[in-house]
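All of the numbers you see were taken from the coordinates with simple rules; none came from a lab. Predicted, not measured: the structure shown is a model, and the values here were computed from it. Here Cβ is always computed from backbone atoms with ideal geometry, including for glycine, and neighbour counts include all displayed protein chains.
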Amino acid sequence: MSAREEHWQGIYQTRDTREVSWFQEEPSVSLRLIESVADSSASVVDVGGGASFLVDALAARGFTDLTVVDLSQRALDVVGERLAERGVSAALVASDVTTWRPARTFDVWHDRAAFHFLNETNLRERYVELAADSVAVGGALIIATFAVDGPTHCSGIEVARYDAPELAEVFAPHFVAVRDEREEHVTPSGAVQSFTWVVLQRV
């Protein structure tokens with residue numbers, strides 16, 4: 001197990017899902033942006049999804065081709081238990097996204113705050129290459145990172161911060177910008193974190 005895997009496995013083994021800073025009872029921005037580019041027939045992969053309720057919410061809206069990828073098997077077990085209680089299934093993949101190699105493509109790639117943990121150039125390049133290979137032409141890449149005035153660290157790890165043009169440029173020329181927005185996320189402890197969101201189309 002890599003150091004990154006150990007770190008995130010430890011987070012989900014020692015902290016309640018609803019206490020982590022990124023928890024959202026209703027992932028409203030993610031849902032709105034996904035539904036702005038796809039209907040329920042689309043295949044959606046949530047990268048770095050952790051124990052997020054996004055997959056539950058998408059299933060409730062009729063999406064059936066759902067995949068969640070995360071470093072932490074514990075986080076995915078939590079998701080699997082929730083989905084099983086609702087009679088819902090999804091592909092739950094325990095993998096480092098920088099080494100993951102799916103045998104398929106997706107209509108929508110969603111990432112809320114996994115990419116900004118990649119501080120090394122080679123890891124960012126692998127991520128971009130994977131996204132380019134894994135999103136169908138015409139499909140969408142929806143990604144969020146901390147904004148330039150957002151936190152500098154999360155869970156003890158330094159993060160990279162982006163504004164919308166910078167984030168879109170990272171994924172050019174494989175993707176072109178469709179829209180962007182800013183989110184002020186309120187953590188369970190009441191802190192406010194600024195996020196940059198971009199919606200990009202695979203060309």
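Here are the numbers:
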item: Rounded to whole Hz, the Karplus (6.51, -1.76, 1.60) HN-Hα couplings of the range 121-130, x for glycine and proline; result: 4, 5, 5, 5, 5, 5, 4, 4, 4, 5
item: Within the chain: Cβ-based charge dipole about Cα centre, in debye rounded to nearest 20 (Lys, Arg +1; Asp, Glu -1); result: 240 debye
item: Net charge dipole size for the range 125-203 [Lys, Arg +1 and Asp, Glu -1 on Cβ; Debye, nearest 20]; result: 180 debye
item: By average C-beta atoms within 10 angstrom, highest first, the peptides 135-144, 100-109, 120-129; result: 135-144, 100-109, 120-129
item: The chain, relative contact order [Cα under 8 Å, separation at least 6], %; result: 19 percent
item: Amide proton proximity set for Ser43, modelled H, under 5 Å, gap of 5+; result: Asp107, Val108
item: Separation of alpha-carbon centers, the range 36-71 and the range 88-135, rounded to whole Å; result: 14 Å
item: Net charge dipole size for the range 25-106 [Lys, Arg +1 and Asp, Glu -1 on Cβ; Debye, nearest 20]; result: 200 debye
item: Karplus 3J(HN,Hα) series, Hz, for the range 16-21 with 6.51 cos²θ - 1.76 cosθ + 1.60 (x for Gly, Pro); result: 5, 3, 7, 9, 5, 5
item: The range 13-69 - percent relative contact order, Cα under 8 Å, separation 6 or more; result: 39 percent
item: Residue-averaged 222 nm ellipticity for the chain, from DSSP H runs of 4+ at -39500 (n - 2.57), nearest 500; result: -9500 deg cm²/dmol
item: For the range 93-203: relative contact order, % (alpha-carbon pairs under 8 angstrom, 6 or more apart); result: 28 percent
item: Karplus-derived HN-Hα couplings along the range 61-70 (A = 6.51, B = -1.76, C = 1.60, θ = phi - 60°), whole Hz, x at Gly and Pro; result: 8, x, 6, 10, 9, 10, 9, 10, 10, 7
item: Leu118 long-range amide H proximity, modeled H, under 5 Å; result: Ala160
